[in-house]
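Undergrad: Here it is, the structure in full.
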Amino acid sequence: MQQKRQSGFTLMEMVITITIVGLLAGVSGSLLTGGFRAYESNSQAVQLLANLRYAMERVTREVMSMQAITGGYDITTMSANRLQFTKGDGVAVDIIINPPLMSLTYSSVPGVIPTLVDSVQAASFSYFQMDGLTPALNANEISFVQIEINLKRNQVAYTQRTRVAMRARQ
């Protein structure tokens, strides 16, 4: 009698194969999870930088449009956390820093206080005279307005500082 040859895998071969596949799945899963975390972290950092850039450009543009009057500028309030002034077109602008928010309001849109940017850790306005070093104490002395904004989200912080040279006074 001839013995039939059996085909298939032994139990030992199956256990070894399943173990190897399980290890490969575990390693590749942890690599994919790490990649997704890195992507998410980078996406949040890019979004935070975009918010910072937008806020700085918007505030800079508004400050540059400040109305010059005889002897200075049409400024109502100038403090470290608030700048209130009138633009050349007669619209009053109010920029308020109240961490974690920075808001920008216009007199032409009463009752609406839109948030310019959130995640503000710190921000400030500084005012300087013509030499760029001496602090300006009133609207008649201002030649530069320095704006500094620090945004922070999920232990990631970015700071940007811009100095705006005011246009010629009347």
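Laboratory data are not the source of any read-out in this text; all were calculated from the coordinates shown. All of these numbers come straight from a predicted model, not from anything done at the bench. Using ideal geometry, Cβ is built from the backbone for each residue, glycine included, and neighbour counts are taken over all protein chains shown.
Undergrad: Of the residues 167, 163, which is within 16 Å of residue 61 (Cβ to Cβ), within 19 Å of the chain's Cα centre (by Cα) and charged (D, E, K, R)?
TA: 163
Undergrad: Among (1) surrounded by 15 or more Cβ atoms within 10 Å (Cβ to Cβ); (2) more than 22 Å from the chain's Cα centre (by Cα), there is one condition residue 135 misses while meeting the rest; what is its number?
TA: (1)
Undergrad: Then there's this: Could you pull out the residue among 8, 26, 72 that is out of contact with any Ser or Thr (no Cβ under 7 Å at 6 or more places or on another chain) and within 30 Å of residue 114 (Cα to Cα)?
TA: 72
Undergrad: In addition: Tell me, which strands (runs of 3 or more DSSP E) wholly within the range 1-114 include 2 or more residues that are loosely packed, with under 13 Cβ neighbours inside 10 Å and in contact with a Gly (Cβ under 7 Å, 6 or more places away or on another chain)?
TA: none
Undergrad: Let me ask something additional. Which residues, taken from the range 117-134, are more than 24 Å from residue 99 (Cα to Cα) and of a type outside the set (A, V, I, L, M)?
TA: 129, 131, 132, 134
Undergrad: Quick check on my filter: what residues within the range 110-152 are within 12 Å of residue 166 (Cα to Cα) and among the acidic types (Asp, Glu)?
TA: 141
Undergrad: May I pose another question? Please name all residue pairs, on different chains or six or more residues apart, with Cβ atoms under 6 Å, provided the first residue is in the range 28-45 and is on the phi > 0 side of the Ramachandran plot and the second residue is among the hydrophobic types (A, V, I, L, M, F, W, C).
TA: From residues that are on the phi > 0 side of the Ramachandran plot, there are no pairs.
Undergrad: Which of the residues belonging to the range 121-162 are of a type in the set (A, V, I, L, M) and not in a strand (DSSP E or B)? So that I can check it myself, show each step before the final result.
TA: If we filter the range 121-162 for residues that are of a type in the set (A, V, I, L, M), which is where we start, we get 122-123, 130, 133, 136-137, 139, 142, 145, 147, 149, 151, 156-157.
Matches in the range 121-162: 130, 133, 136, 137, 139, 142.
Undergrad: Among 68, 55, 80, which is the only one that is within 25 Å of the chain's Cα centre (by Cα), closer than 26 Å to residue 130 by Cβ and touching a residue at least 24 places away in the same chain (Cβ under 8 Å)?
TA: 80 is the lone residue from the list that is within 25 Å of the chain's Cα centre (by Cα), closer than 26 Å to residue 130 by Cβ and touching a residue at least 24 places away in the same chain (Cβ under 8 Å).
Undergrad: Would it be correct to say that residue 167 is touching a residue at least 24 places away in the same chain (Cβ under 8 Å) and closer than 20 Å to residue 64 by Cα?
TA: Working: touching a residue at least 24 places away in the same chain (Cβ under 8 Å): yes; closer than 20 Å to residue 64 by Cα: yes.
Criteria met by residue 167.
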